[in-house]
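So the structure is just underneath, and the comments pick up after that.
The values are calculated or read from the model by the stated rules, or taken from the named source; none is laboratory data. Keep in mind that what you see is a predicted model, and the values were worked out from it rather than measured. Cβ: placed from backbone, ideal geometry, glycine included. Neighbour counts: every protein chain shown. For the accessible areas, the whole protein counts, side chains as well, though only heavy atoms, and no ligand, DNA or RNA atoms are used. Shrake-Rupley method; radii C 1.70, N 1.55, O 1.52, S 1.80 Å.
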Amino acid sequence: MTHPAGPGDDDSGPCDDPEAVAREIADAIESLTNLWSLAAQGATVRLSLHQLRALRVLQTAPDLNLTALAERLDIGLPTASRLCDRLEAAGLLERTPHPHNRREVRLALTAQGRRVLADVAARRSQALAAALAAMEPEDRMLLRRGMRSFLTGYDLAQHNGSGPEPPPA
């Protein structure tokens, strides 16, 4: 893994080539992903990344049915069903009948599922805060500003249709 700026390096040069910057950011994201994963593994209930993603989706969009969850996770229905079976067996998810369509089942987090997500979020925040605390205050401010700018650029690219192409079917 390369680091954007090593000791003695400065970024005052003309290295604003989007491809080069993208490679540096990809390396940083890989480190952040590792930090994220390790923090999640320290939670009271160990979850796979797929299980954690499913819980997060249900946290942000409660009462989805299995088909909608599978679509949001970009997985097949049988895989989503097995995933929900495991989450339900762990007491993190409950299935309830849809009030107006008896053939449909709604998926919802249990109180335990919400507690596990809160625990994971707290552990991730602590791990990230520790990494940020090791940075110089000015660098933290620049990172924050850069992330805000990135999110604005990302939103604009998505809005203008110039975001990444979907993978072929």
Dipole in debye (nearest 20) - the chain, about Cα centre, beta carbon charges: Lys, Arg +1; Asp, Glu -1: 1340
Within the chain, helix-based [θ] at 222 nm, where runs of 4 or more DSSP H residues each add -39,500 (n - 2.57), nearest 500: -20500 deg cm²/dmol
Correct option for Cα Rg over 2.2 N^0.38 Å [calculated from the coordinates] among (i) 0.99; (ii) 1.15; (iii) 1.29: (iii)
Carbon/sulfur fraction of accessible area - the chain, other protein chains in place, 1.4 Å, %: 56
Distance (nanometres) between label positions extended 7 Å along Cα→Cβ at Arg103 and Met141: 6.1
C-alpha long axis of helix 77-89 to longest principal axis of the chain, angle in °: 80
Residue-normalised accessible area of the chain, expressed per residue, 1.4 Å probe, Å²: 72
Rel. contact order, % - alpha carbon contacts under 8 angstrom, at least six apart, the range 17-99: 17
Rounded to 10°, Cα long-axis angle of helix 111-133 versus longest principal axis of the chain: 10
